[in-house]
1. Between the alpha-carbon centers of segment B:108-156 and segment A:280-323, tell me the distance in whole angstrom.
2. Please give the contour-minus-distance gain from A:A105 to A:R150: 0.36 nm per residue of separation, less the Cα-Cα distance, rounded to one decimal in nm.
3. To make sure I understand, if each residue's beta carbon is the centre and we count other beta carbons within 10 Å, what order do A:W45, A:W66 fall in, fewest to most?
4. At what distance in angstrom do the alpha carbon centres of segment A:191-264 and segment A:155-183 lie from each other?
5. Tell me, what is the Rg over Rh of chain B, with Rh the Kirkwood radius over Cα pairs?
6. Which helices, taking whole DSSP H runs in chain A, have alpha carbons extending 18 angstrom or more along the helix axis plus mean Kyte-Doolittle at least -1.0?
7. Net charge around A:E209, counting only other residues with Cβ within less than 15 Å of its Cβ (Lys, Arg = +1; Asp, Glu = -1)?
8. Run lengths n ≥ 4 of DSSP H only: what is the helix-derived mean residue ellipticity at 222 nm for chain A, with -39500 (n - 2.57) per run over all residues, to the nearest 500?
Amino acid sequence: MKDYIYEVARIRVMENSLLTKADLDQLLAAPDHEAALAYLADKGWGGGAGVTDAETMLKAEEDATWALMTELLGEGRELDILRLTRDYHNLKAAIKDIYASSGLAPERLYLEGGTVPAEEIRQAVAEENFGRLPEAMQEAAVQAQQVLSRTGDGQLCDSIIDKAALDALTAAAEDAPDPVLAAYAATTVVNADIRIALRAAAAGKNAAEIAAQLAEAPDLNRSALAEAAVGGKSSVAEYLKGTPYSALADSLSRSMSAFECACDDLMIDRILPQKSEALSLGPLAAYVIARETEIKSVRLLLTGLQNGLPREQIRESLRQCYG
Amino acid sequence: MLNENLGIVYALLGAALAAFLAGSGSAIGVGMGGRAAAGVLTEKPELFAKVLILQLLPGTQGIYGLLVAFVVLGKIGILGGTAPTADQGLLFLAACLPIGVAGLISAIHQGKTSVASIQLLAKRPDSFGRAMLLPAMVETYAILALLVSLLTVTRL
């Protein structure tokens, strides 16, 4: 079995730069958005001083994380599962962009860092040459494009691609090279399934129709979840209490953003044991997940500060720290 | 001819196993430590001296194996002493096994513990004392094996 001794040792050093709860408290105490940006720049975010735009800073941090992984793993595709959702996001963007001829700049539509370059996906869709896409994507791409051009229903197009993304995650989890990656896929699918089920129930769909929209998730029964969704959030919460995702049940009764936050916190809980793992791929995957989660927290925090939201409301949306 | 030299064949096999097994374990352990050290030094070159010590800890088993092998060679007519009988040769072989086998296993596990300690140092550079103590604990069992092998070989 391959070990990752050098890579994990480097990651241990990099973990020292992860934001801690104290850092988030400092950011929350910042008088305004600019002061928070300055604090982050002092911590080395966005390449240091001089960055005044939050999105530029956050994108630089995302890019830096993946640049480090590329440096450590070379052409290795061990962490591809963490990038799959970007591919499907880009597929959605490409289909809608070409259908609507939006003319928007690619950097506003597409995410970098997927397993397939965003430009390649755009070209495949533009030329209707879907054979250029990864096999798992092809059928959903054809179907979504046909649905969009026939009905103009962007939401239906999204749901086809979202379902394909979740199926791809579930399939990838079966061959995941590390349990952390399988846990990431499972948590992502569960999060999405619950949101899809509640949304479909709110739209008046019956249990069978809801179940058909859900992806297969380990430890969750699609039919049972769909049945529960028909009964509303409280019955979904009740159902979750009997699954390994009981930690998410309480958050559902508060709000969907609290639920999202609880999903991310659950993921962080699941990667915490990687702090004592010395040889495997797990700490690398955990670091990427931790970085993405902290970037999400910082994005929420900066947006909250910019919009003048109460500090307590911002604090509630912040995710647990791995650092 | 072979029967006459059977004693020395057994004894040499013992010496070879002591040096080869313990040395191989050390090579694996030090190699693992070296990779972890390189990872830390890429980001924190100032920790060189500390991680070097941790990397070298699994190297001792190889030295113990070599020491036992030399003592055997000094008693069986190669570096000194007299050629052993077949029975004596088997006793030399048996005496070499503790440091050979325990050296191999303990060096590999000490290497893994050194890797973890180097990673601990990466997170907490001020924990050098504690980081060194953890892999040093594994050394105990290599030393016990060395004592058994050495005491037996010198008494033969």
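1. Each part reduced to its Cα centre gives a spacing of 40 Å.
2. On the way: separation 45, 0.36 × 45 = 16.20 nm, distance 2.58 nm.
Gain on extension, A:A105 to A:R150, equals 13.6 nm.
3. Neighbour counts put them in this order, fewest first: A:W66, A:W45.
4. 17 Å
5. On the way: Rg = 18.4 Å, Rh = 16.2 Å.
Using only Cα positions, Rg/Rh for chain B is 1.14.
6. Values: long enough: A:54-73 (29 Å, 0.09); A:84-100 (24 Å, -0.43); A:135-151 (25 Å, -0.34); A:154-174 (31 Å, 0.50); A:179-202 (34 Å, 1.05); A:256-271 (23 Å, 0.54); A:282-306 (36 Å, 0.50).
Span-like helices here: A:54-73, A:84-100, A:135-151, A:154-174, A:179-202, A:256-271, A:282-306.
7. Net of charged neighbours comes to +2.
8. Result for chain A: -21500 deg cm²/dmol, rounded to the nearest 500.
A short reminder: the numbers here are calculations on the coordinates, not readings from a lab. Remember, it's a predicted structure, so these values are computed and weren't measured experimentally. No Cβ is skipped: glycine too gets one built from the backbone with ideal geometry, and neighbour counts run over all protein chains shown.
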